[in-house]
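The values are calculated or read from the model by the stated rules, or taken from the named source; none is laboratory data. Keep in mind it's a predicted model, so treat the numbers as computed, not measured. With ideal geometry, Cβ positions are generated from the backbone for all residues, glycine too; neighbour counts draw on all protein chains shown. Side chains included, ligands, DNA and RNA excluded: accessible areas come from the protein's heavy atoms. Shrake-Rupley method; radii C 1.70, N 1.55, O 1.52, S 1.80 Å.
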Amino acid sequence: MKSFTIIIPSFNSEKYISSCLDSLVNLEYDHDLIEVLVIDDGSTDKTKDIVKEYTWKYSFIKYFKKENNHWGSVINYVKNNKLATFDYISILDSDDQLTTKSLIILNDLSEKENSDLLVGSFRKWDGVKLRKKIYPYFFLFKRTLHNKKQMNTPFCLPLIFFSKNEVFYKLNDLSEKMAYQDPDYLSQLVKNSNSLTFSNKTIGLYYFNREGNSISEPWNKIRLMGEYNACLKSIENGAQEVVAFRLCQKNFRRILDSENSDKFNVNRKFSFQWFPAYMRFFFTIIFWFKLRKYFTFNLK
């Protein structure tokens, strides 16, 4: 059986860290094959006290504290200190949860395919009720992928991505003191991987509308800077199609226009291979008439 490291970036998480950790304690999997690293990014609330209660009861849960430098710095901290030691590594934000059978599902996937990346589906929840189930676009293709243009996806949620240990440690450092680092993280994983295996079974619950969630923040210059940087990193990692999809957000385009932001520089044509043929056709039309103007093409 495979072993799993789960990294939990945490900042002032006293309201929901218990639910997150409870979901890991209740996993139907051998705890000796689980390593939970709670990285406290400079919390000033009772996060430490709450997590410490779990570390006293469960030896597989470990607590670390560092100064506040945002989500990307947590990933850098784990990587640069070589804290993650198990076969597969994932990021679980402190307001999200894993389902009880998630690691069983992922272990079964790894036994069949031994891919560099294992990916499941997720359900939205609002802290009380479960919402609709979301399938990343991998479900449109065969279960195991080797085409990187298909392996990239606009669903940039780390909780459903599990990478092999050696793939994780190939990551370049993420940007610190800046939000929206998950697209860089995931597009780097794809860039460093040769294969991805997907399951349409639910392995995570995504708390999509909690207060302070980055996707619900207002569109202002600060958010623009974070989103724009995330797009640049995605392009650098070969995931320019993800940037086109992000530009479908009307508010993103509006603030780009209002700030006269520089266009995104790309070096190849777009290939929306995560879509089936009929969706690819319609999205290409949208891209041509709505989104293309935000890119500068330097085709070789």
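Does residue 169 fit the bill of being open to solvent by 40 Å² or more (accessible area, probe 1.4 Å), more than 19 Å from residue 274 (Cβ to Cβ) and aromatic (Phe, Trp, Tyr)? So residue 169 fits the description; yes.
The residues listed here are 286, 235, 222; of these, the one that is open to solvent by 20 Å² or more (accessible area, probe 1.4 Å) and touching a strand residue (DSSP E or B) at 6+ places or on another chain (Cβ under 8 Å) is 235.
One residue alone among 14, 35, 53 is closer than 23 Å to residue 185 by Cα and without any contact (Cβ under 8 Å) to a residue 60 or more places away in the chain, and that residue is 35. I'd like to know if the range 147-156 contains one or more residues that are under 15 Å from the mean Cα position of the chain (by Cα), modelled with pLDDT of 95 or more, hydrophobic (A, V, I, L, M, F, W, C) and within 15 Å of residue 71 (Cβ to Cβ). No. For the range 238-278, the candidate set comprises residues that are within 20 Å of residue 190 (Cα to Cα), outside any loop (DSSP other than H, G, I, E, B) and not polar (S, T, N, Q); within that set, the residue that is most open to solvent (accessible area, probe 1.4 Å) is 245. Whether any residue in the range 120-137 is open to solvent by less than 30 Å² (accessible area, probe 1.4 Å), within 17 Å of residue 188 (Cβ to Cβ), assigned to a strand (DSSP E or B) and in contact with a Phe, Trp or Tyr (Cβ under 7 Å, 6 or more places away or on another chain) is what I want to check. No, the range 120-137 contains no residue that is open to solvent by less than 30 Å² (accessible area, probe 1.4 Å), within 17 Å of residue 188 (Cβ to Cβ), assigned to a strand (DSSP E or B) and in contact with a Phe, Trp or Tyr (Cβ under 7 Å, 6 or more places away or on another chain).
Might you let me know whether the range 171-190 holds any residue that is within 25 Å of residue 69 (Cα to Cα), more than 14 Å from the chain's Cα centre (by Cα), modelled with pLDDT of 95 or more and not β-branched (Val, Ile, Thr)? The answer is yes, given that some residue of the range 171-190 is within 25 Å of residue 69 (Cα to Cα), more than 14 Å from the chain's Cα centre (by Cα), modelled with pLDDT of 95 or more and not β-branched (Val, Ile, Thr). Being of a type in the set (A, V, I, L, M, F, W, C) and either part of a helix (DSSP H, G or I) or open to solvent by less than 10 Å² (accessible area, probe 1.4 Å) (or both) is a condition met by at least one residue of the range 191-200.
Going by what's in this entry, would residue 34 be described as open to solvent by less than 10 Å² (accessible area, probe 1.4 Å) and closer than 24 Å to residue 105 by Cβ? Against the criterion (open to solvent by less than 10 Å² (accessible area, probe 1.4 Å) and closer than 24 Å to residue 105 by Cβ), residue 34 qualifies.
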